Amino acid sequence: MQHKKIGVMCGSSDACPEKFLTLAYQVGQELARHELDIIYGGGAKGLMRRVADGGLEAGAQVHGYMPEFMIAVEWQHTNLSELHITQDMSERKYRMMSESDATIFLPGGCGTMEEFFEWLSCKRLGKYIGPLVIFNFEGYYDPLIKLLENMEANNFHNPEHKQMFSVCTQVEDLVATITSAPSWSADAIQFASVRHASKER
Ligand code: AMP
């Protein structure tokens, strides 16, 4: 049977504290240990490289997706199971989203956040139905989780929208967090708009 593919979004920085890089390596290994394959942005730096190396060394298939303009400046990891070259960023994200059964967000910068909000927005519309896991390592994503709570408190999201993402803080809990995520379907479009009634809350 084909292994499930887990998208991993994370920072491309090498200058972050070493503990984040170590986390990414451990996540790659943990996914491989559970016979899960990895989809990521194909980079050779930062957490991106470490998650790929952790996965490869523990036997996962690791698929990178990188646009041509990044290959032109040699940003790609040269030892992946497969490197898929895309025309642009939009195709890269489209293919990564369509091909992943779940997506994890490790610490990262604006690129990782752009991906998080694109995946979340698609989930809200029922266009992505896989689990989304925020890896809140040592509170890194506390401000993001607070922002998401604020969105609901101010009626920019419906209460059901908090089921769109799960939070994990430890590598050992990662796979259980993915498998226990609330189910989601294309019907999410039915409650994607915020209801007027929730104004009275
Ligand atoms: P960030 O979280 O801002 O580091 O963004 C990660 C995302 O930024 C990746 O998916 C890439 O789109 C892009 N990126 C930025 N720098 C690099 C790099 N050196 N190698 C690969 N991808 C990069």
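Can you tell which of F105, F117, F156 is among the aromatic types (F, W, Y) and under 16 Å from I38 (Cα atoms)? Just one listed residue meets the conditions, F105. If you go through the stretch 78-128 and keep only what is among the acidic types (D, E) and touching a residue at least 40 places away in the same chain (Cβ under 8 Å), you end up with E99, D101, E115.
Confirm whether H3 is at pLDDT below 95 and over 15 Å from the mean Cα position of the chain (by Cα). The answer is yes for H3. Somewhere in the stretch 59-67, is a residue crowded, with 20+ Cβ neighbours inside 10 Å and away from the ligand (no atom under 15 Å from the Cβ)? Within the stretch 59-67, one or more residues are crowded, with 20+ Cβ neighbours inside 10 Å and away from the ligand (no atom under 15 Å from the Cβ). Residues that are within 14 Å of the ligand (Cβ to nearest atom) and surrounded by fewer than 22 Cβ atoms within 10 Å (Cβ to Cβ) within the stretch 93-111 comprise K93, Y94, R95, M97, G109, C110, G111, listed in sequence order. Filtering the stretch 112-132 for residues that are within 14 Å of the ligand (Cβ to nearest atom) and part of a loop (DSSP other than H, G, I, E, B) leaves an empty set.
Residues in the stretch 13-42 that are among the β-branched types (V, I, T) and either touching a residue at least 40 places away in the same chain (Cβ under 8 Å) or out of contact with any Gly (no Cβ under 6 Å at 6 or more places or on another chain) (or both): T22, V27, I39. Taking the criterion of being among the aromatic types (F, W, Y) and in contact with a Cys (Cβ under 9 Å, 6 or more places away or on another chain), the only residue of the stretch 70-106 that qualifies is F105. Each residue in the stretch 1-12 was checked for being surrounded by fewer than 17 Cβ atoms within 10 Å (Cβ to Cβ) and closer than 22 Å to F117 by Cα, and 0 pass.
The values are calculated or read from the model by the stated rules, or taken from the named source; none is laboratory data. Keep in mind the model is a prediction, meaning the values are calculated, not measured. With ideal geometry, Cβ positions are generated from the backbone for all residues, glycine too; neighbour counts draw on all protein chains shown.
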